[in-house]
1. Note down the net charge around residue 366, summing +1 for each Lys or Arg and -1 for each Asp or Glu among other residues with Cβ under 10 Å from its Cβ.
2. Compare 85, 79, 214 by solvent-accessible area with a 1.4 Å probe and give them largest first, with all protein chains kept in place.
3. Applying 1/(1 + (r/R0)^6) with R0 = 30 Å to the Cβ-Cβ distance of residue 45 and residue 379, what FRET efficiency is obtained, to the nearest 0.05?
4. Enumerate the amide H contacts of residue 371 below 5 Å, restricted to partners 5 or more residues apart or on another chain; note that Pro and chain-start residues carry no placed amide H.
5. Pull up all non-local amide H partners of residue 85: gap of 5 or more, or a different chain, and H-to-H distance under 5 Å with H placed in the peptide plane.
6. I need the phi-derived Karplus couplings for the stretch 54-59: 6.51 cos²θ - 1.76 cosθ + 1.60, θ = phi - 60°, integer Hz, Gly and Pro marked x.
7. Across the stretch 246-256, in residue order, what do the Karplus-derived ³J(HN,Hα) couplings come to in whole Hz, using 6.51 cos²θ - 1.76 cosθ + 1.60 with θ = phi - 60° and x for Gly and Pro?
8. Roughly how many nanometres apart are two label points built 7 Å out from the Cα toward the Cβ at residue 352 and residue 184?
Amino acid sequence: LEGEKAIKEKGFSFTFEDSEDEIDGQGNERSNDEQVEQSKSVSINWHDLLSSVPTHDAETGDPIPTFIVCQELLDALPIHSFQKIEGGQWRERLVDVAVRDKEEESSEVTKIKQAAGRMKYSDAESTDSITESNSSTLSSSTFEEKGKKKLPRLRFVLPPDTTPALRTLLRVSGSGTPLEGNPTAEALNALPTGSVVEACPEGLLLAQDIADRIEKCNGGAALLIDYGEDGASSSDTMRGFWRHTQVHPLSRPGEVDVTADVDFSALRESVNQRIGLEESLKRKHFTNNGQVLPSSTNTEQEKQINPQEAFGPISQGQFLASMGIVQRVEKQIEADSTTDEQAYELYSALERLLAPDQMGERYKVLAIARKKEGLFPPAGF
């Protein structure tokens, strides 16, 4: 709070790309005649891709220290969902178009589906009821009667064969059983039938890109904050939210916020075990020639080329407490200018952020940074 006050007192302004207006520290627009001098102007630019954000100053060529905060970003990235079926095999859950209601399907159509046996439909159909009372966009002719339940237009299905994503990410054979040498084979085989395992390749690549970017910028750090666990879940965590209500993730395409828990363990390992292009090509060379990769290839010297590491995850409550949030709130509550109502709001917000039964344990924090002097992890970890 003191830092924010200092910024306002110094008269800094914020300019947005493609805009002639400026906004001062008080949130008021300034006219061109009243704009502060350029040296106090902080330029804000929007980018669609992380790769388009500059890493070096355009004029001097010096690296720009980079600080990144990902607040509930990773849970919104697309996932692959795999389900275990009978016989210890795995299948990727796909999405199919449901053109009819269950009650409208004729017995002949059902017989054809069963005979063909090309798709095994999961029981993940939505039970959401869309009635006249909660949807003003539907015409009266949409349903024959109020409250009638309909299947969503989309539904989850299990294909008869494996997919490239399943074979690559879960490392299974063409039949869907874990390959020999798969380090996760024992864990996958131990899961009961019906278990679901999720993978988010885009999240892993993003974490690696962030680590490489900080290294390229010669300084900086990143905080990744989201809900999830330190490890993969064996259940279906994909959910949909519409107007603050949980709904089936495939209902109302384009309108529902689809989310899934984050596997922080995978994120951590994707950063700490990542290799550079030279190492990757070297491994490919040995593999193509049927040779065993020497254990000394990934040396300590090579590790020092990418010293950025992932730390955590730790719970949000633990992180905020170690960073002094309790003392900061106490100071604000005890301030003479703080009213009773403001004090109650501060306490309620603190409880919501720290309490294990609210956001304190459900949310996790992962840091990407360099150890201070090669020994000490970043603050809070």
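The values are calculated or read from the model by the stated rules, or taken from the named source; none is laboratory data. Note that the structure is a prediction, hence the values are computed from the model and not measured. Using ideal geometry, Cβ is built from the backbone for each residue, glycine included, and neighbour counts are taken over all protein chains shown. To get the accessible areas, we keep the full protein, side chains included, count just its heavy atoms, and leave off ligands, DNA and RNA. Shrake-Rupley method; radii C 1.70, N 1.55, O 1.52, S 1.80 Å.
1. Working: positive: 268, 364; negative: 226, 230.
Overall, the nearby charge balance is 0.
2. Values: 85 25, 79 45, 214 0 Å².
Solvent-accessible surface, decreasing: 79, 85, 214.
3. On the way: r = 28 Å, r/R0 = 0.94.
After rounding, the FRET efficiency stands at 0.60.
4. Hits under the 5 Å cutoff: 309.
5. Residues meeting the criterion, in which the H sits 1.01 Å from N, are 90, 91, 194.
6. x, 9, 9, 5, 5, 8
7. Running phi through 6.51 cos²θ - 1.76 cosθ + 1.60 with θ = phi - 60° gives 6, 10, 5, x, 9, 7, 6, x, x, 10, 8 Hz.
8. So the label points at residue 352 and residue 184 sit 3.5 nm apart.
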